[in-house]
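So the structure is just underneath, and the comments pick up after that.
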Amino acid sequence: MGKSLTHKIIEEHLISGHLKAGTEVAIRIDQTLTQDATGTMAYLQFEAMGIPRVRTKLSVSYVDHNMLQTGFENADDHLFLQSIASKYGIHFSRPGNGICHQVHLERFAVPGQTLLGSDSHTPTCGGLATLSIGAGGLDVAVAMGGGPFFLSMPKVVGVTLKGTLQPWVSAKDIILEMLRRLKCSGGKDRIFEYGGEGVASLTVPERSTITNMGAELGATTSVFPSDEQTRRYMAAQGRAHDWRAVAADPDAIYDERVEIDLTQLEPLLARPHSPDSVCKVSEVAGTRVHQVAIGSCTNSSFKDLMTVASVLKGKVVHPNCTLAITPGSRQVFQMISANGALTDFISAGARILESACGPCIGMGQAPPSNGVSVRTFNRNFEGRSGTPNAQVFLASPETAAACAITGVVTDPRTLGAAPHWDLPERYVQDDGMIVRPAEHPDKVEIFRGPNIKPLPINKAMTATMEGRVLLKVGDDITTDHIMPAGAKVLPLRSNIPAISEFVFERVDPQFPARAKKAGGGFVIGGSNYGQGSSREHAALAPMYLGLKGVVAKSFARIHRSNLINFGLLPMVFADPTEYDRIDAEDVFEIPDLPAHLQAGKELEVRNRTKGRTFQVKLGVSSREGAILAAGGLLNFTRQQAAAPS
């Protein structure tokens, strides 16, 4: 029986468990990455473990999120991150060096290795055949300390790509087609492994666009084989020595299969306010566009920007529209500057932004009121752009460029012959903005600004839990709903008392005050609760406010893990119709917790207000049960370290 690429990589890194879907496995992590919005907390957690040096093959700390320095907070955090990286053996990518996923793909990812990142779009490096998984910062901190990463073994879905893309159709349209078919929860507990004849025609940057937005499917990760395209890309990056061929066996067995005929695809876009609200561009052509934004970790590669430059050359952005362009890395910036593409952008009237996440996380470039913004990003959740009533569409660079010059949603196929150019034989290789760890770490003093507050730590779980229902929400609640991003909130990521005041701000601004007054309690959710970002603050800040658990119809993978990591119960209705029988302010009681946590049994929840009981499923492993009982992963890790060997 042939093996999938996924199974081969996991087998090489397996520490415990069996490769049976739905069972817990532990794998060794080769590399980690963090970014500044999640990294400060991750490194505070790493410090708390008392480990003197990272134990991975490579760990990299990036600054790419909190780049808007309107106060001291972000600048202070950057100094903290640089000093702690120097002391603990971590490479530090300085502000301006680029978006973590783009830089990691260019300079560090290795075929066949494992990468754990404190960002949900870490699977970007799956385009280079790295098994790359997004997780909460605490999971990444444990991995940096040499601990395994635990996950429920996903199903492996074989995605067969047939044929080749037609002119003006791009890799972004492939992943939008996947989202059109499978929706945002269609990848839960799954890894998408791409193969078929169509793979050979896709470059590494194109593959990485697809694996990047596998996060929007809710997938654990996505991966492509390492082949001649991979070798060519790595050689051009001066990293041919890191290349090796890794691929599925010809007779590999998959749990599920998907097939896409690339010749039949046409330009697609995702309508407001979800990445899976996908339609053909031609169906909404003519819609007025106020803003176009090109960039993000999804579409800011040299290939993406050269495609846009080819469309814009000799043209000017429509007078009723603005265009912002973000090069994904310093390498990309240098190369478009050297070859004249940057001049084409400036001549066309584009606004050039620094190499960072920027508008994708609501950090500047908010659209006008009720404005339509076409973006090459990966998420278009309501309010994420910084304008509550903006209408954000997600599209390919080709479609976005067409919209910019016409001022309306435009099918790029109407522009005539599609641009074509070849990838470079050699990329700029300048790692001068990556700081290596100190040779004498004992001499490094860690900088701590006044905004960095002590890490909140939960208490061990009590035998009986009581609390009020603080909030009831519907389906597809995102981490943006729970813990918003944006220029106002992101600088507070290292200050949990301050950032907790924004929990559920877009849903119910009174939630923090009510939670503190009630002494904590529970949240009731619908399906796919916690989808979106890996931000553990969506669990950590509610924990600080006293949240004890969430009862939902289902959870997104990373958020469920984050709840467990901070000692919060992720409970799933045994009977989903119970959701309709619960109201805000109902008082819950959950007895006999320790016994149920260890046995992994269903819990009985008593709704004292309604005078009824209902069952919830935890579905935790014995290890997860022990973490919950300890009050979170940090407490559990300390206990394990203190236990006699």
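The values are calculated or read from the model by the stated rules, or taken from the named source; none is laboratory data. Remember, predicted model here, so these are calculated numbers, not experimental data. For neighbour counting, all protein chains shown are included, and Cβ atoms are generated from backbone atoms with ideal geometry for every residue, glycine included.
Here are a few things to note about the model shown:
- Criterion applied to Arg436, Arg384 was being in contact with a strand residue (DSSP E or B) (Cβ under 9 Å, 6 or more places away or on another chain), closer than 30 Å to Asp76 by Cβ and at pLDDT below 95, and the one residue passing it is Arg384.
- Total residues in the stretch 533-562, condition assigned to a helix (DSSP H, G or I) and either in contact with a strand residue (DSSP E or B) (Cβ under 6 Å, 6 or more places away or on another chain) or buried (at least 24 other Cβ atoms within 10 Å of the Cβ) (or both): 13
Listed here are the residues, each with its yes/no results for (1) closer than 27 Å to Thr307 by Cβ; (2) of a type in the set (Asp, Glu).
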position	(1), (2)
Leu217	yes, no
Thr220	no, no
Ala236	yes, no
Arg239	yes, no
Val246	no, no
Asp249	no, yes
Ile260	yes, no
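- Residue that is surrounded by fewer than 22 Cβ atoms within 10 Å (Cβ to Cβ), under 25 Å from Lys188 (Cα atoms) and not aliphatic (A, V, I, L, M), where the choices are Gly519, Gly530, Gly526: Gly526
- Checked against (1) under 21 Å from Ala37 (Cβ atoms); (2) at pLDDT 95 or above; (3) under 14 Å from the mean Cα position of the chain (by Cα); (4) among the small types (Gly, Ala, Ser), Gly137 passes all but a single condition, namely (2).
- Taking (1) in contact with a Leu (Cβ under 6 Å, 6 or more places away or on another chain); (2) surrounded by 21 or more Cβ atoms within 10 Å (Cβ to Cβ); (3) assigned to a loop (DSSP other than H, G, I, E, B); (4) not aliphatic (A, V, I, L, M) in turn, Cys184 satisfies each apart from (1).
- Residues being in contact with a strand residue (DSSP E or B) (Cβ under 7 Å, 6 or more places away or on another chain) and assigned to a loop (DSSP other than H, G, I, E, B) - total across the stretch 126-165: 7
- All positions within the stretch 187-230 that are among the hydroxyl-bearing types (Ser, Thr, Tyr) and either surrounded by 20 or more Cβ atoms within 10 Å (Cβ to Cβ) or assigned to a helix (DSSP H, G or I) (or both): Tyr194, Ser201, Ser208, Thr209, Thr211, Thr220, Thr221, Ser222, Ser226, Thr230
- Restricting the stretch 177-212 to residues that are over 17 Å from the mean Cα position of the chain (by Cα) and among the polar types (S, T, N, Q), the residue that is farthest from Asp422 (Cα to Cα) is Ser201.
- Taking the criterion of being in contact with a His (Cβ under 9 Å, 6 or more places away or on another chain) and outside any loop (DSSP other than H, G, I, E, B), the residues of the stretch 308-332 that qualify are Ser310, Thr322.
- Filtered residue count, the stretch 277-296, keeping only those that are in contact (Cβ under 8 Å) with a residue 40 or more places away in the chain and part of a loop (DSSP other than H, G, I, E, B): 8
- Any chance Pro570 is modelled with pLDDT under 95 and surrounded by 24 or more Cβ atoms within 10 Å (Cβ to Cβ): no
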